[in-house]
Structures are given as structure tokens and as C-alpha cells.
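Participant: Before we start, here is the structure in question, set down as C-alpha cells.
Derivation of every value follows stated rules applied to the coordinates shown; laboratory data play no part. Remember, predicted model here, so these are calculated numbers, not experimental data. No Cβ is skipped: glycine too gets one built from the backbone with ideal geometry, and neighbour counts run over all protein chains shown.
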Amino acid sequence: MVTEHEVQHIAKLADIGINTEELGTFTAQFNAILDYFDTLDTVKGEGTGTSELFNVLREDEVEISLPQEDVLRNAPATEDGFIKAPRVM
Amino acid sequence: MARHTIPFEPDDPCHSFLTTCTPAEYGDGPLAGVAVAVKDNISTKGIETTCASKILKGYIPPYDAHVVGLLRSAGAAIVGKTNMDEFGMGTTTENSAFGPTLNPCDPSRVPGGSSGGSAAAVAAGMVRMALGSDTGGSIRCPAAFCGIVGLKPSYGRVSRYGLIAYSNSLEQIGPLGKTVQDISTLMGVIAGYDRHDSTSQDRPYRHTPAADIKGLKIGIPEEYFGRGVDPHVADVVRKAIARLEECGATTVPCSIPSMEYALAAYYVTCTSEASSNLARFDGVRYGPPPDTRKPWHDAFQEVRRAGFGAEVRRRILLGTFALSSGYYGKYYAKAQVARENVREDFNRIFHDVDVIAGPTMPTIAFKLKEKTDPLSMYLADILTVPANLAGIPSISVPCGSSEGMPVGLQIMGRMFEDERVVDVAYAYEQAVN
């Protein structure tokens, strides 16, 4: 059983924001879904890893990219060619 | 290149479109002047792209998705962006922040999802073909519910560059259309290598559908006709498979034991990937602005609480939980082992058969607002998620009706044998028409 307190903690980790009114509903739904996920406890085997997968890399070379103006166009707040963000300190 | 325009001002009583382009431009090429609708999670330069979310309202992509560039080069007229479940999270298109799409076959029912707008636009005859994306059935489900054809290509055959990511390891862009010929034509335009997608495969699609299926072996998994599948739907699909036998195919019973936990493995995987992918939506680079005077956790929480719908927030929470310390081994790690088991089940079966057939969806289209509990909604995806977990191609083709609503026949094939599932669907379509 996951408690309301744990759901609140997860919501904080995910920066998702959760109201006290919706906390009860979310927690109940969460527990129903996690109960269903318990079927994974019956999974046998360790997994062998998929051998056909390989990394795809390229040289770290500068390429033509979008103009700064186009990149900034969707940002709600900019200043001197930078994007404005909330303070972190 | 010569540019022409067509007017596109259709009636849209089912709310298939979020944005329409009037007039729509087109050029020369194999799709010259063909009206194509594009799901709203696929980036279109200069055309608003929202993923049906308030958090992307007003977002105008500065570049085209790879597939959109290919469409434009082929001469297609991109006539608009279609409604969907927010970020692709849903099975009904009711999770759109901008209101649901209705099923053109019966407007009191959902069109399926998450590519419900694309499917409804095709079914209503507004466009000949459309692009959708399929993470756990999001092309095949609405194709089945609306009575049209939809293909989820093999993972890697179609570039995901410019597809706004929800669950990278599962999702593929694919075609929807009225006929198998149409989805095959569209697949020919969008498939192929793209250096901007590191999972892209150099496997272009150059194929003309052929209806000859003499000697084809079809696996019939018992799980696709068992618990949770509406017996009427199962009957319609059994009759369709009998039709394929009349065309010269033989059937072989088989079993996919990993179906027991495939759906759980799917939901753990997609929510985990979503929790990481959707971390980028904080209002800083696009979307509604955060209050820059507040500490960043507070500012981001406000933006994300107001901008994301309930299902998106639920999935972000589930995924964050499944990846969190202490639970990772129980959920995410187990889901990856389960996923390998699904793949191995398919490999074993495809040793003996050429394709696997069954219903696309366990029921006909739900009534609007019929499914309110998230878990019961998730269970509706049980027959479509195995193909995503394994990465294999899968097509849904209309095969009759139950209670007056369309039923889809699903045909899954070996990895990269998209051409074969298209041929089997084509053989069925030719046999009944």
C-alpha cells in the first residue's frame, strides 16, 4: 500500500504539484494500478540483454543549426538573447 | 518547385482537427495535392503543435519532423493537425485538453485513441490519409474503432525526429487510411533512414501490395480470443480469419504466455519513460510562463499542475515511482525482463508461422464517458501492446461489425516484415470487396 504521504513525496520529486482535494483519488487509483503491476512478480528469468542493440555515435562536430532568433521565439521571457528562468538559489 | 494550394474549410462535426491550414500548400510528387492530416504530436514548422495539451498551447515548432519534410517533398497538402489524447496518453481521445473527438460511425461513441482525430478525419472522408503515432496501440485502436486501416511499422523503420517524445522505446509514427493501398503508399513516403534519429534503420519501404497468400501460415494465439475479449468481436474476427483460409492460408494454434504480464510491463515502461521525457515541460523554453520570482520547484509545480491534465500527471507520478530508489528492481527492472520474454515468445512462434492474427481491440468503441477508471481503460490495450514491446509490425484492417460498430482484424509480423502484414491485410480487403 502506498500512502498519501508517499504520493505527495513522489509528486514533489516530479515537480507535478498536487492539491489536497485530489490526493485521496490519486492515491486510491495509484494503489489499484500498483496492485495490477504485482503480476510482474511472476516474471521468470533474469533477462539476457538484447545482443542486436548497439550504440550509434557521431563525431562531435559543429553543424549548421537553427538561428538563435527562431530558437527563442517560443520562450515566454527572454533577455539579451538568453531565456529567463526562475531563480535556483 | 511549383507550389499550389487547395482550400480546406471542411465541416468537422466530430472535432477531428485542432488546427486547419487554409489554404493548404502542396507541390509536385507522388502525393501531389493529396490532403494529409498530421497528428498534433508531430512537429510542423510554422503550424501550432500542442500534443492536445494546455502546456504547449501556442507552441509553433521552428522545424519540421523528418516525416513532415518527406510529406512536403512528396507533394502532399498538409491540411491540419489532429486531435489526440494529451501527449498520446489514452485510448479514447477524451484526454485531449481541447475536448474529445467523436466517432464518425456513431457520434455517441469514442473514436479510440490516442490518434483519434487522425482516424476520425479519414473515416469521415475529410482526408484520404493521415499520420498517427502508436506507443501501445494508438494507431491500430482508432483504426479499428472507426473502421479504417492503420499500420504500426516495425520499430526503427520510420524516423521519430520531431515526434514529441512520450515513450521513445515503444512509439512509432505510422499511416492511417481508408484502404490498404493508401496506407502502403503513405508508408512508402515516410519510411527510411534518418541520421537525426539514432534508432533509425536503413530499411526503406518500396512495396506494392500483393494479394497472393497461398501457403501462408497464420498463428492464432489463444490469449487473443480468451478472457476479457467480447465473444461477438471474437466471432467476427474468427470469420475474417476463415476468409483468409479460403484464400489459401493455413492456421496454426499458438500461445503467448507472457501476455499474462505484458500489459503491466508496458505501463511500467511507458510511464517511466514519460516521467523523464515530460520533465522538459516547465514553461521556460515554451508554454505558459513560470513565475520567475519564485523558487524554481514552486514555479515549475504551478506551471505543471495547471498545464497537464489528470492522466498525464498520473502517468508522470507512476513513472517517477517505478524508477525511484527501492522500487526500481520491483517494477522497471522486472518490466524489462518481461519485455524480453514477450519478444522471445514472438520469436518462437514466428519460427513456425509467418504472421499472427487476432482482434485489434477486445471490444467495439466505448460510449463517451463510459470508461472513467484509469485501470479499466489501460486493460483495453491488452491486445495491442505486445507488438510495441517486441517492436514488430502490426496492422489493423476492418473486418466486419458488431452491434453496428466496426471491428478490426490485427495482423502482426516478424521484425521488419511490414510488407508481409500489408499483403495479408490487402488479401483480406480484396477478398471481401
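Participant: Counting Lys +1, Arg +1, Asp -1, Glu -1, what net charge surrounds B:TYR193 among other residues with beta carbon under 11 Å of its beta carbon?
Facilitator: 0
Participant: Would you mind checking the pairs A:LYS84/B:LYS294; B:LYS45/B:LYS81; B:LYS217/B:LYS239; B:LYS39/B:LYS178; B:LYS152/B:LYS214; A:LYS12/B:LYS371 and listing those with alpha carbons more than 19 angstrom apart?
Facilitator: Exceeds cut-off: B:LYS152/B:LYS214; A:LYS12/B:LYS371.
Participant: Using a Cα-Cα cut-off of under 13 Å, which aspartates and glutamates could be cross-linked to B:LYS334, ignoring same-chain neighbours fewer than 8 residues away?
Facilitator: A:ASP38, A:ASP41, A:GLU46
Participant: Counting only other chains, what is the mean number of Cβ atoms within 10 angstrom of the Cβ of each residue in peptide A:64-75?
Facilitator: Per residue, the number of nearby Cβ atoms from other chains is 3 on average.
Participant: Sort A:VAL88, A:VAL56, B:VAL353, B:VAL397 by Cβ crowding within 10 Å, fewest neighbours at the top.
Facilitator: Placing the least packed residue first, the sequence is A:VAL88, A:VAL56, B:VAL353, B:VAL397.
Participant: Next up: How many nm separate the modelled label positions at B:ASP352 and B:THR19, each set 7 Å beyond the Cα in the direction of the Cβ?
Facilitator: The answer from the label model is 5.1 nm.
Participant: For B:ARG72, B:ARG157, B:ARG227, what ranking results if the residue with the fewest other Cβ atoms within 10 Å of its Cβ goes first?
Facilitator: Arranged by neighbour count, lowest to highest, B:ARG72, B:ARG157, B:ARG227 become B:ARG227, B:ARG72, B:ARG157.
Participant: Same structure, new question: Residue farthest toward the positive end of the dipole of chain B, with Cβ of Lys/Arg at +1 and Asp/Glu at -1: which of B:ASN41, B:LEU176, B:ALA76?
Facilitator: B:ASN41
Participant: Show me, for the stretch B:247-258, the HN-Hα J-couplings you get by feeding each phi into the Karplus relation (A = 6.51, B = -1.76, C = 1.60, θ = phi - 60°), rounded to Hz, glycine and proline as x.
Facilitator: 7, x, 8, 10, 10, 9, x, 8, 9, 10, x, 5
Participant: Averaged across B:315-325, how many Cβ atoms of other chains sit within 10 Å of each residue's Cβ atom?
Facilitator: Across B:315-325, the average partner-chain Cβ count within 10 Å equals 5.
Participant: How much of the pair distance distribution for the protein assembly as shown lies past 43 Å, counting alpha-carbon pairs only, in percent?
Facilitator: Roughly 13 percent, once rounded to a whole number.
Participant: What is the helix-to-structure angle for A:20-37, meaning the angle in degrees between its Cα long axis and the longest Cα principal axis of chain A, kept from 0 to 90 and rounded to the nearest 10?
Facilitator: That works out to roughly 70 degrees.
Participant: While we're looking at this one, here's another question. Give me the percent relative contact order of chain A, please, defined on Cα pairs under 8 angstrom at least 6 residues apart.
Facilitator: Relative contact order, chain A: 17 percent.
Participant: Further question: Given 20 °C and 1.002 mPa s, how large is the Stokes-Einstein diffusion coefficient of chain B in µm²/s, with Rh as the Kirkwood radius over Cα pairs?
Facilitator: 100 µm²/s
Participant: Only counting other Cβ atoms within 10 Å, I'd like B:TYR327, B:TYR161 sorted with the fewest neighbours first.
Facilitator: B:TYR327, B:TYR161
Participant: Here is a follow-up. What helices in chain B pass both tests, a Cα length along the helix axis of 18 Å or more and a mean Kyte hydropathy of -1.0 or higher, using whole DSSP H runs?
Facilitator: Passing helices, by number: B:231-246, B:259-277, B:310-323, B:418-432.
Participant: Could you work out the mean count of beta carbons from other protein chains within 10 Å of each residue's beta carbon in B:334-341?
Facilitator: Mean shielding count: 5.
Participant: Which cross-chain or sequence-distant (5 or more) residues have an amide H under 5 Å from the amide H of B:CYS14, H modelled 1.01 Å from N in plane?
Facilitator: Those qualifying (amide H under 5 Å, at least 5 residues apart or on another chain) number zero.
Participant: Moving on to the next point. Using alpha-carbon positions, what is the distance between the centroids of the stretch B:1-58 and the stretch B:150-218, in Å?
Facilitator: 21 Å
Participant: For the stretch B:61-129 and the stretch B:304-320, write down the distance between their C-alpha centroids in whole Å.
Facilitator: With the stretch B:61-129 and the stretch B:304-320 each reduced to a Cα centre, they are spaced 22 Å.
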